[in-house]
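Novice: Attaching a single structure in structure tokens format; questions to follow.
The values are calculated or read from the model by the stated rules, or taken from the named source; none is laboratory data. Bear in mind the structure is a predicted one, so any value in this text is a computation, not a measurement. Counting neighbours? That spans all protein chains shown, and the Cβs are built from the backbone with ideal geometry, glycine included.
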Amino acid sequence: MVSRAGSHAGRGFRYQDAVAACLALHGWAGHSSYGLVIPEGDDDVELLASSGRILAQVKSRRGHRGPFPIGEIVGFLTTLWNRTTEQPEDSYLLILEREPAAWPNSKDIAWLHELTVLMAALPPGVSSELLDRTRIYVLPNPRWAAHQVIEARRECSALEADAYYGVVLLRAGNLADANGMRKSGGFLGLSPSDVELEINTLAPMFTSARIQAALSRGLCEAVDFSTPLEEADFFSGVDVQPGHVVAGLLVERTVLRESVVTALTEHRNILLKGPSGAGKSGLQWDVAYSLRHSMRWFRVRRLAVEDIVDLVALANNCCASVDAPVGFLMDNLGAGLMDGWDALAREVAIQPSLALLASIREEDIYPLVERHKAVEVRVRTDEDFAEQFWRELRERDKTEWTNWLEPWTASRGLLLEYAHILTKGSRLDETLRQQVAVRATDSTRHIELEILGLCAAVTSIGARVDVARLPEVLGRSAIEIGTSLPRIVNEHLMRDLGDGSMGGAHELRSQHLLGEIGHISLRAESETFELALGTVLEADIGIFLARTLERHPVLEDALLDAIAEKLVQRPSARLMTVVLNGLGEREIAQVIDAWLSSPEVAEVPLSQISLVALFGTADVELPDLPEFKLAASAIRLMAQMKAQSTHSSLRGRLLRRLSISDLQRMLEQVNDIATLNTLLVAHVGHALTPTLRDALMEMSPGLLAGELSQVSALLGTAHVLDPEVAAQWVSKTGELALLRRIGSEVPWATEASVQSLPEGLAAICDIRTAPARYQPDPHGSVVTLCELLLALCPAADLAIARAVTVSGELLCYGGMPVADKKIPRSNLPPNSLPAWNRRWGNAIAARLAPESYGAYLGQAADDIKQLNSSLFDFFDGLFRNSPSSAALEILGNVHERSRSMPSPNLPWFAKCASGESVGVKTSNLQQILFDCSTDMVRRFVRLPADSQSYIGWIASVLKRIQDSIELEPWQITAYGTQAKAALESLATLIDDLRALAGDGLQRGMNPAVMYRRLRAPKGQALTEARASARKRAKSGKALKERDLQRLFRALTSSARVYVKSSKDELLMWPLLEVLVTFELEQIQRWPSFAHEGWAIWRSLIENALHLTVMPVVNGMCVPMCAIGGHSEPFPSEPKAWEWIHAVGLRAVPEIASRMWGIFSDAVMDVAALEAQGFGLDNSPEIELLARIDARARLRISKASIDERLPTPLRIMTDSLVELVDQQPWLLYNAQLAALRGEIDEIGEILMDALYTCYSVDLRATPTLT
């Protein structure tokens, strides 16, 4: 057995040495019968007595690891009993720093046969005589135990006892070193007379008066590592004391502690530095506690330079040595200990028997003169510590948070804030109160309070401070402000962002700081915020306004007046934009808060509120049906409130404070289209004031010079605000001139025009087809073109655009047009309007989001667990014809809870399987609980009615469950693994219900009737039904394969049929797909063979099954020739490769065919571009680049074929290159014919060349994939 227990800390710092010294002192005091203690003898410690010897093993264990497991104890005993030097009279002693599991509380030493739990765990065959000679001794603090013995025997003080213990400890360590070099029989030991000699030698060297000097003057005190200090409010925030460590309250930072222990051992002077609340004190005491067995610690309370001599005398009289040094601990040097530390650091540097461990805030470290003599260790918190800290609190029931990641993220890595969020404790307040009090009592630092008051107000709501504005607002000089800021930043009250601005360390810290300053300030908080407006960084004024007005609505007029004055004094479109955006955010919040508190919304289930709000903000009414009554009322209310807000908005109130000349001067600052559009977008959602409208009507934006997409966005936004403004701008520019820009600047577009139609005035333009490489989404290009047409032609009522060929015919694929759009203006609003509506949706989502995503996951996990068991119980009862009313009741409860659950977006830390962020995605858990607790049951009971729709619906449920397993951040919950397992179990059950539904569909019966088990025990009926359905599905697949094999072999003896479960065809039962391969002598036969056979092959297979057909030549599949589909065949190479991998077929090595495919693509792309005149002079840049790229691809692919393929193919490429240069329209027409499902003369030549390449490849060695 491998154990981490034992002595492994280095000579002088071992628990084993402390135990040996303690045992020697026990013998000296007459408390034990042994006469000689031998460290590192025939065991860790060997004790000799007249009656025999005792072999002792010593095992240490850190407190955070808890009691010794029984298994480890058994291993220790086995090793102890198996010594090669065993003598018949030997007894055995196992000494432990921590008690074993199930140890009796009243004992510190016990015979082995008294420990029943341990006896039961011993291996069989241990003799009773051996058991009777073995004891276990629990000795958690050998130093303290030794003190008790010495004080009783010598009647001395605790400090003197520690000095006596120190010399015995040193002697024990030296003997251990010496015995390590000796053989058995020659070991040296420590007798009672040796101990007496050591003590008597030391006694005359000091007196109590001398040793007490440093203590009596209050310079220091001995550290008590024996007395636990239980404090109920420890995790709410208190100063860490040694007793807290003894009591096990401290959250240990093992790796950091051990690194400090090592550094202290090697260098003897360690300086822990870090911000307030980083955990320096806790780490300091933990390090000292780790070394308590072999280092005597004194805590320095106060220290001047002249006091050093007393500390050194104290250490010398405690017999400090290199192997057993005396350590001085100084906590928070900034509290008047810096000069003393400098002096003590100089002494430690020349006294190897001294050690120094101190802590200091980072901002206080610079005055230290002797920093170079210390090893500086920066103390900061990390995620491992954050998680461990949370777990400790959870185990002690000190936090309600179900995970650590959310509060840690909210704290931004600041320990003070983290502890406050977890525990709602007082430490943050106390720390900030102290920092404020220091400034309040020092008149020279009152200016810092003035700065902090304004900065805390600004940063408490997430805005930044413009440092350059502070002197003017506070009426102080720049020098006064500049000299005060470093201290504020160094104490982590504010952050210097390096760009002339300051941010808060954390919004929570700023909020509490604002409150503490408010206690000593005569200024009301609202007045502070009003004054603070002048210091806000311009880019953050919008944020400041929105959140300040939420906190202090009474400031509306005062802040609007202040902003208006700013805009009058310094007209700025940028400032106006951020102000309007902030006021718009506040307007949204006002409406939403009123809407959410309305009686109409109170009647709507929480799970539906987001959807209801979406309909309301878009002003979409639901049908007048009873089931929509409650939602319809809330939707109408939202639409009404939103409409009313446009006429009574904060933005309108601000603009009415400005004259038309003010607005004109501001608009004159706008020098580009994008800036003007950004300004106008900030106006969306409120009615333009007459002054602003008049100012806009006077403008003449450079619509012909601006980038076309920006012009489109600007005109679209202007049309949303006031169509007459957009019409006026276009009229000044010229509508025809604007439309001509489309033909010359939009890739692939024809000339635009305007035409009167019965539906109204239409703006018309088309997109010509281009190679897919350069035009990947022609449908999207057509829609984008419609948006552009409506923007550039404000008078148009609709836009008409199509994807066409060079002749103007509709581009079709499989007989269906790729894009043929006729879109009314009302159906295609500019982006600025949906963006405004999205702001409403985001605000609703933020208000409905759970405070803790972990708590949301916890509730969902509990409900999923109940859902699983209740679904099983209900369906099991259903198949026994005895549905469980209790299960139905639980399902009903789950359903009701699901209606009150939100459907929040997945948090930022949710990751997909690849480790990437999932982006903006809504959690599916509410929908899963809602569906599976009702429709899953109700629709199953009605089967076989609507079986196919039920089967297809289950596919969507399974997809949501799988997404939830993979994407939800289950790792942040304590029961994440169980929750994922529950979801997997639920998915398996639902998949089996789908199989049962499919079985019932094929047999025309309800599955519960088909598989009824009236006499089956509880739990067995559903299990048997599920197993039967899976078996039938499996056998059905095999039967389907045999039947189809027979049918296709009847047509062609070379046919082979494969059937597998489909991953794509999940909506139609039986969820299978089919592959048929045909062996041909020559691949050239395939086109005619497939054309003639498809209709017959398809007729042999039911419509629900996807069919893939692939040729085989010389035992090799040719996936490039595969076709597939349902009614009409389409190229199916990707699907063919799926089959090849799934079934293990041999595929042709695609060498020549791939090379030809690359060349063919290139030559066809060049032909399409040349035939339509794309990429000529003055064409859009994309067309120019496409022309260059296509020619380069053609050149490279042609060279590759010339180098590697046979002469006939090289000759063919020469002909095609010549053709594309001289008659490209022939190749382009061949492409169009292929899209129509036709093959012209050129197409036949290309097909012959391709099949020649297949032939070349088929003569190669087949590849097994």
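Novice: Specify the residue that is surrounded by the most Cβ atoms within 10 Å (Cβ to Cβ); the eligible residues are those in segment 973-1002 that are outside any loop (DSSP other than H, G, I, E, B) and polar (S, T, N, Q). Before the answer, list the steps.
Specialist: Taking segment 973-1002 as the starting set, the residues that turn out to be outside any loop (DSSP other than H, G, I, E, B) are 976-1002.
Of the ones still in play, those that are also polar (S, T, N, Q) are 977-978, 985, 988, 1002.
Numbers: THR977: 11, GLN978: 14, SER985: 16, THR988: 14, GLN1002: 14.
Ranking the qualifying residues of segment 973-1002, first place goes to SER985.
Novice: Another question about this same structure. I need a count of the residues in segment 441-478 that are hydrophobic (A, V, I, L, M, F, W, C), out of contact with any Pro (no Cβ under 9 Å at 6 or more places or on another chain) and over 30 Å from ALA410 (Cα atoms).
Specialist: Going residue by residue through segment 441-478, those that are hydrophobic (A, V, I, L, M, F, W, C) are 447, 449, 451-452, 454-458, 461, 463, 465, 467-468, 470, 473-474, 478.
Now narrow it down to the ones that are out of contact with any Pro (no Cβ under 9 Å at 6 or more places or on another chain): 447, 449, 451-452, 454-458, 461, 463, 465, 467-468, 470, 473-474.
Remaining after also requiring over 30 Å from ALA410 (Cα atoms): 447, 473-474.
The total comes to 3.
Novice: Right, next: Could you tell me whether SER1035 is of a type in the set (Gly, Ala, Ser) and within 26 Å of ARG1098 (Cβ to Cβ)?
Specialist: It is true that SER1035 is of a type in the set (Gly, Ala, Ser) and within 26 Å of ARG1098 (Cβ to Cβ).
Novice: Within segment 664-687, how many residues turn out to be of a type in the set (D, E, K, R) and touching a residue at least 60 places away in the same chain (Cβ under 8 Å)? Outline the logic, then answer.
Specialist: To start, the set of residues in segment 664-687 that are of a type in the set (D, E, K, R) comprises 665, 668, 672.
Still in the list and also touching a residue at least 60 places away in the same chain (Cβ under 8 Å): 665, 668.
Residues meeting the conditions: 2.
Novice: Looking at segment 262-284, which of its residues are buried (at least 20 other Cβ atoms within 10 Å of the Cβ) and over 19 Å from LEU393 (Cβ atoms)?
Specialist: LEU264, ARG268, ASN269, ILE270, LEU271, LEU272, LYS273, GLY274, PRO275, SER276, LYS280, GLN284 - these are the residues of segment 262-284 that are buried (at least 20 other Cβ atoms within 10 Å of the Cβ) and over 19 Å from LEU393 (Cβ atoms).
Novice: Does segment 440-459 include one or more residues that are hydrophobic (A, V, I, L, M, F, W, C) and more than 24 Å from LEU537 (Cβ to Cβ)?
Specialist: Our first condition is that a residue be hydrophobic (A, V, I, L, M, F, W, C); within segment 440-459, this holds for 440, 447, 449, 451-452, 454-458.
Cutting the leftovers down to more than 24 Å from LEU537 (Cβ to Cβ) gives us 440.
Within segment 440-459, one or more residues are hydrophobic (A, V, I, L, M, F, W, C) and more than 24 Å from LEU537 (Cβ to Cβ).
Novice: Do we have any residue at all in segment 729-744 that's at pLDDT 95 or above, acidic (Asp, Glu) and not assigned by TED's automatic domain parsing to the domain that holds MET1164?
Specialist: The answer is no; no qualifying residue exists.
Novice: Check whether at least one residue in segment 617-627 is closer than 21 Å to SER572 by Cβ and of a type in the set (Ser, Thr, Tyr), and report yes or no.
Specialist: As a first pass, look at segment 617-627 and keep what is closer than 21 Å to SER572 by Cβ: none.
Checking segment 617-627: not a single residue is closer than 21 Å to SER572 by Cβ and of a type in the set (Ser, Thr, Tyr).
Novice: Among (1) surrounded by fewer than 22 Cβ atoms within 10 Å (Cβ to Cβ); (2) at negative phi; (3) not polar (S, T, N, Q), there is one condition GLY248 misses while meeting the rest; what is its number?
Specialist: Only one criterion in (1) surrounded by fewer than 22 Cβ atoms within 10 Å (Cβ to Cβ); (2) at negative phi; (3) not polar (S, T, N, Q) is unmet by GLY248, namely (2).
Novice: Can you name every one of the helices (runs of 4 or more DSSP H) wholly within segment 586-688 that holds 2 or more residues which are among the hydroxyl-bearing types (Ser, Thr, Tyr) and in contact with a Lys or Arg (Cβ under 9 Å, 6 or more places away or on another chain)? Give the steps one after another, and end with the answer.
Specialist: On the way: elements: 599-602, 606-617, 629-645, 650-655, 660-668, 673-681.
Fully inside segment 586-688 and qualifying: 606-617, 673-681.
Novice: Looking at segment 380-423 only, could you name the residues that are closer than 18 Å to PRO850 by Cβ and outside any helix (DSSP H, G or I)?
Specialist: THR399, GLU400, TRP401, THR402, ASN403, TRP404
Novice: For segment 159-185, how many residues meet the condition of being assigned to a helix (DSSP H, G or I) and free of Cβ contacts under 8 Å to residues at least 24 places away in the same chain?
Specialist: 2
Novice: Anything in segment 39-53 that is among the hydrophobic types (A, V, I, L, M, F, W, C) and either under 57 Å from the mean Cα position of the chain (by Cα) or not assigned by TED's automatic domain parsing to the domain that holds CYS22 (or both)? List them, or say none.
Specialist: Initially, segment 39-53 is screened for residues among the hydrophobic types (A, V, I, L, M, F, W, C), giving 45, 47-49.
Selection gives VAL45 alone.
Novice: Only one of GLU966, GLU916, GLU896 is at pLDDT below 95, more than 28 Å from the chain's Cα centre (by Cα), assigned by TED's automatic domain parsing to the domain that holds LEU1022 and surrounded by fewer than 16 Cβ atoms within 10 Å (Cβ to Cβ); which? Steps first, answer last, please.
Specialist: Numbers: GLU966 fails: more than 28 Å from the chain's Cα centre (by Cα); GLU916 fails: more than 28 Å from the chain's Cα centre (by Cα).
Checking each option against the conditions leaves just GLU896.
Conditions (1) over 30 Å from ALA886 (Cβ atoms); (2) hydrophobic (A, V, I, L, M, F, W, C), marked per residue:
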position	(1), (2)
ARG1030	no, no
LYS1034	yes, no
LEU1047	yes, yes
LEU1051	yes, yes
VAL1059	yes, yes
LEU1072	yes, yes
VAL1076	yes, yes
TRP1097	yes, yes
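Novice: Still on this model: Pick out, from segment 1003-1107, the helices (runs of 4 or more DSSP H) lying fully within it that include 1 or more residues that are more than 42 Å from the chain's Cα centre (by Cα) and not assigned by TED's automatic domain parsing to the domain that holds SER947.
Specialist: Values: elements: 1007-1010, 1020-1051, 1086-1099.
Answer list for segment 1003-1107: 1020-1051, 1086-1099.
Novice: Among the residues of segment 340-395, what is the count of those that are in contact with an Asp or Glu (Cβ under 6 Å, 6 or more places away or on another chain) and under 23 Å from ASP286 (Cβ atoms)?
Specialist: Total meeting the criteria: 2.
Novice: Right, here's the next one. Under 9 Å by Cβ, and 6 or more places apart or on different chains, what pairs join a residue from segment 455-482 that is on the phi > 0 side of the Ramachandran plot with one that is part of a strand (DSSP E or B) and surrounded by 18 or more Cβ atoms within 10 Å (Cβ to Cβ)?
Specialist: Listed pairs, sorted by first residue: GLY462/GLY503; GLY462/GLY504.
Novice: Another question, if that's okay. What tally of residues in segment 938-952 results from selecting those that are surrounded by fewer than 21 Cβ atoms within 10 Å (Cβ to Cβ) and within 37 Å of the chain's Cα centre (by Cα)?
Specialist: 2
Novice: Let me ask another. Determine if segment 510-529 includes at least one residue that is outside any helix (DSSP H, G or I), touching a Gly at 6+ places or on another chain (Cβ under 8 Å) and more than 30 Å from GLN664 (Cβ to Cβ). Talk me through it step by step, then tell me what you get.
Specialist: Here is the first cut: in segment 510-529, the residues outside any helix (DSSP H, G or I) are 521-524.
Next cut, touching a Gly at 6+ places or on another chain (Cβ under 8 Å) only: 521, 523.
Within this subset, residues satisfying the condition of being more than 30 Å from GLN664 (Cβ to Cβ) are 521, 523.
Yes, some residue in segment 510-529 is outside any helix (DSSP H, G or I), touching a Gly at 6+ places or on another chain (Cβ under 8 Å) and more than 30 Å from GLN664 (Cβ to Cβ).
Novice: Does SER484 fit the bill of being in contact with a helix residue (DSSP H, G or I) (Cβ under 8 Å, 6 or more places away or on another chain) and at pLDDT 90 or above? Spell out the reasoning first.
Specialist: On the way: in contact with a helix residue (DSSP H, G or I) (Cβ under 8 Å, 6 or more places away or on another chain): yes; at pLDDT 90 or above: yes.
In short, yes.
Novice: Only one of these conditions is not met by THR577: (1) in contact (Cβ under 8 Å) with a residue 60 or more places away in the chain; (2) in a helix (DSSP H, G or I); (3) more than 34 Å from the chain's Cα centre (by Cα). Which number is it?
Specialist: Unmet for THR577, out of (1) in contact (Cβ under 8 Å) with a residue 60 or more places away in the chain; (2) in a helix (DSSP H, G or I); (3) more than 34 Å from the chain's Cα centre (by Cα): (3).
Novice: Now for a different question. Check whether at least one residue in segment 1139-1149 is in a helix (DSSP H, G or I) and in contact with a helix residue (DSSP H, G or I) (Cβ under 7 Å, 6 or more places away or on another chain), and report yes or no. It would help to see each step written out before you state the result.
Specialist: Of segment 1139-1149, the ones in a helix (DSSP H, G or I) are 1139-1143.
Add one more test, that the residue is in contact with a helix residue (DSSP H, G or I) (Cβ under 7 Å, 6 or more places away or on another chain), and what stays is 1140.
Within segment 1139-1149 (the criterion being in a helix (DSSP H, G or I) and in contact with a helix residue (DSSP H, G or I) (Cβ under 7 Å, 6 or more places away or on another chain)), the answer is yes, since at least one residue qualifies.
Novice: Quick one: would you say TRP840 is in contact with a Gly (Cβ under 8 Å, 6 or more places away or on another chain) and of a type outside the set (S, T, N, Q)?
Specialist: Working: in contact with a Gly (Cβ under 8 Å, 6 or more places away or on another chain): no; of a type outside the set (S, T, N, Q): yes.
So TRP840 fails the test.
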